[in-house]
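Q: Dropping a structure here in structure tokens format, bear with me for questions.
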Amino acid sequence: MAHFVNPFTDIGFKIIFGQPASKELLITLLNELLAGEHHIEDLTFIDKEDNSDNVNDRGIIFDLYCLTSSGEYIIVEMQNRWHSNFLDRTLYYVCRAISRLIERPVADEVDLPASGNDGVTGVKEAQPRYGDRYRLSTVYGIFLMNFKEAKLEPKFRTDAVVADRENGKVVNPHFRQIYLQFPYFTKQLEDCVTLYDKLIYALKNMNEWNRMPDALKEQVFKHLERLAAVANLSEANRVAYDKAVDRFYVSRIYEEDMQDRVENAMREGREKGMREGREEGMKEGREEGMKEGMKEGMKEGKKEGKKEGKLEDAQNLKRLGVSLDIISQATGLSLGDIENL
């Protein structure tokens, strides 16, 4: 068992950033991320209405929703596993948070009735103007990703804003998304000069440490060391964390293998599509034939790769002694199918 919790597990992430004792650490990380743009003095955690929008998301999504003392809303999410339409979901989360800012009724200006004794008659009470309801607070979406997203640039940090396409000038400052792809963070500790780099380095590597490196001398790392030490966990958190670690490693093995299979299937599909496209193109037009052939080839390659991989993955996990429930959760196969392997 590692000395520190793994921040890429749901319980580990919440222990480090999602409890009252960890608020100072979260504020430090957010201020480093927003340096030169915004400084957070204090924040409160907001209970989300639900932990996930779909039952199939459980075990994948784990995030925090915060309100700063100056009125900004911040979504912080640690995403361990790749899944399709990830960028669409993060856009939905931020847009949903923005929409909730204006989900409140606005009354028109009204005449107050005359009072019998106070002498006030026909006085109009000032009411918000129609447009006032659309005055927004800034909503930040910060997504820490333990995988590479093909639709983002191959780099560690991507900042998304609403901006003019031609000149890059920000049109509306109240919408902000920050994507951090941890596999692209390759700095060694001796190369980390800023506190920002050191925090990212610690999050990426701390699960492999037996103690905090001497080079991390800042007070924030002493706090991190106390929070993240497995030996300091309560009994309930320790049991939950052990289960989370089991899910983490099974899901990573399965996900990495599945991504390889999908990529191989897509490559084979593209090659097949190109061959078929060339043949079709000779008959009905080279350009149109290539396009249709590639589309069908990719679709067929994905389908065949996933179908063949699930049974093989389940068989390998079963041979390793993984419980049938976890195998079923990781592969989507029924318990009966797994027992018959």
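Quick note: the coordinates plus some simple rules give every number you see, no bench work behind them. Note that this is a predicted model, so its numbers are computed, not measured. Cβ atoms come from the backbone with ideal geometry, glycine included; neighbour counts cover every protein chain shown.
Q: Counting only other residues whose beta carbon sits under 14 Å from that of Thr186, what net charge do I get with K and R as +1, D and E as -1? Intermediate values should be presented prior to the final figure.
A: Details: positive: Lys148, Lys155, Arg157, Lys187, Lys204; negative: Glu190, Asp191, Asp197.
Taking every other residue near Thr186 into account, the sum is +2.
Q: Turning to a different aspect of this structure: At 7 Å along Cα-to-Cβ for each site, give me the label-to-label distance between Leu91 and Arg275 in nm.
A: In this crude label model, Leu91 to Arg275 measures out at 3.6 nm.
Q: Give me the net charge for the shell around Val161: Cβ to Cβ below 14 angstrom, other residues only, Lys and Arg +1, Asp and Glu -1. All intermediate terms of the calculation are to be shown ahead of the outcome.
A: Working: positive: Arg157, Arg165, Lys169, Arg176; negative: Glu37, Asp159, Asp164.
Neighbour charge sum, excluding Val161 itself: +1.
Q: Suppose R0 equals 22 Å. What FRET efficiency, 1/(1 + (r/R0)^6) with r the Cβ-Cβ distance, do Arg211 and Asp47 give to the nearest 0.05?
A: Numbers: r = 35 Å, r/R0 = 1.60.
Rounded to the nearest 0.05, the efficiency is 0.05.
Q: In the structure shown, do any of Lys169/Lys222; Lys169/Lys217; Lys169/Lys295; Lys204/Lys310; Lys23/Lys204; Lys198/Lys243 have a Cα-Cα gap over 31 Å, and if so which? Can you show the working numbers first?
A: Working: Lys169/Lys222 40 Å; Lys169/Lys217 39 Å; Lys169/Lys295 37 Å; Lys204/Lys310 29 Å; Lys23/Lys204 20 Å; Lys198/Lys243 29 Å.
Cα-Cα > 31 Å for Lys169/Lys222; Lys169/Lys217; Lys169/Lys295; rest within.
Q: Suppose the chain between Ser70 and Arg165 were pulled fully straight at 0.36 nm per residue; how much longer would it get relative to their current alpha carbon spacing? Please list the in-between numbers first.
A: Working: separation 95, 0.36 × 95 = 34.20 nm, distance 2.99 nm.
This chain segment gains 31.2 nm when fully extended.
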